[in-house]
Amino acid sequence: MTAARVLPFINIAGCLVLAGFIVLQWMGGQALSDELHESRSREIHEKNARLDAEKLSRQLQDDIDGLKASVDSIQLAAAETEKELAAKSEEAAGLAGLLTQAQAQIKTWEEAVKARDEAIVQRDAKLKELNETLVATRKRLDEAVAELKKAGAR
């Protein structure tokens with residue numbers, strides 16, 4: 001066999017080896033491209049998940065801040081209400097004391113009115129007695145005047 005006849009076979013074999021090598025490189029490039037695409041896709045998903053987690057974290061922090069403000073407001077209102085309640089209790093105690101004093105004063109007045117009414121009843125009884133005595137005395141005086149007139153007419 002001559003070199004001219006063998007050379008095309010070697011050339012074909014070399015081309016086939018080169019074509020195989022190119023196909024292997026291309027397949028390796030495709031696999032690498034697929035891996036790169038998948039890696040970028042995972043990176044995008046992880047970035048989106050991180051952004052969602054950060055957004056959720058901010059929302060939760062805002063909710064916590066809102067709850068803290070609400071708790072502070074409730075505590076302040078409770079303290080205010082407690083102060084008002086203490087003031088109202090103190091006022092109620094003062095009013096209860098005044099009510100007790102007023103009831104005692106009313107009792108004193110009732111006793112005074114009762115004593116006055118008894119004194120009026122006694123006075124009225126004495127006036128009635130004095131009036132009866134006066135009437136009896138006038139009657140005797142009228143009888144005496146009548147007798148004196150009779151005696152003076154005689």
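Points to keep in mind about this one:
- Estimated translational D of segment 83-154 in µm²/s (Stokes, Kirkwood radius over Cα pairs; 4 °C; 1.567 mPa s): 73 µm²/s
- Pairs of lysines in the chain whose Cα atoms sit within less than 19 Å of one another amount to 5, provided the residues are eight or more positions apart or on different chains.
- Modelled label positions at residue 82 and residue 122, each set 7 Å beyond Cα in the direction of Cβ, lie 6.1 nm from each other.
- The largest-to-smallest principal axis extents of the Cα set in segment 1-96 are 136, 9, 9 Å.
- Nearest-ten-degree value, helix 3-153 long axis tilted from longest Cα axis of the chain: 0 degrees
- Inter-label distance, residue 134 to residue 42: 13.0 nm, where each label sits 7 Å from its Cα along the C-beta direction.
- Extension gain, residue 72-residue 148: 0.36 nm per intervening residue step, less the Cα-Cα distance, totals 16.5 nm.
- Relative to the current alpha-carbon distance between residue 141 and residue 34, full extension at 0.36 nm per residue lengthens the span by 23.3 nm.
- Net lengthening on full extension, residue 25/residue 51 (0.36 nm per residue, minus Cα-Cα): 5.6 nm
Read-outs throughout are calculated quantities, based only on the coordinates presented, and are distinct from any laboratory measurement. It should be emphasised that the depicted structure is a prediction, and the values quoted were computed from it without experimental measurement. Every residue, glycine among them, receives a Cβ derived from its backbone with ideal geometry; neighbour counts consider all protein chains shown.
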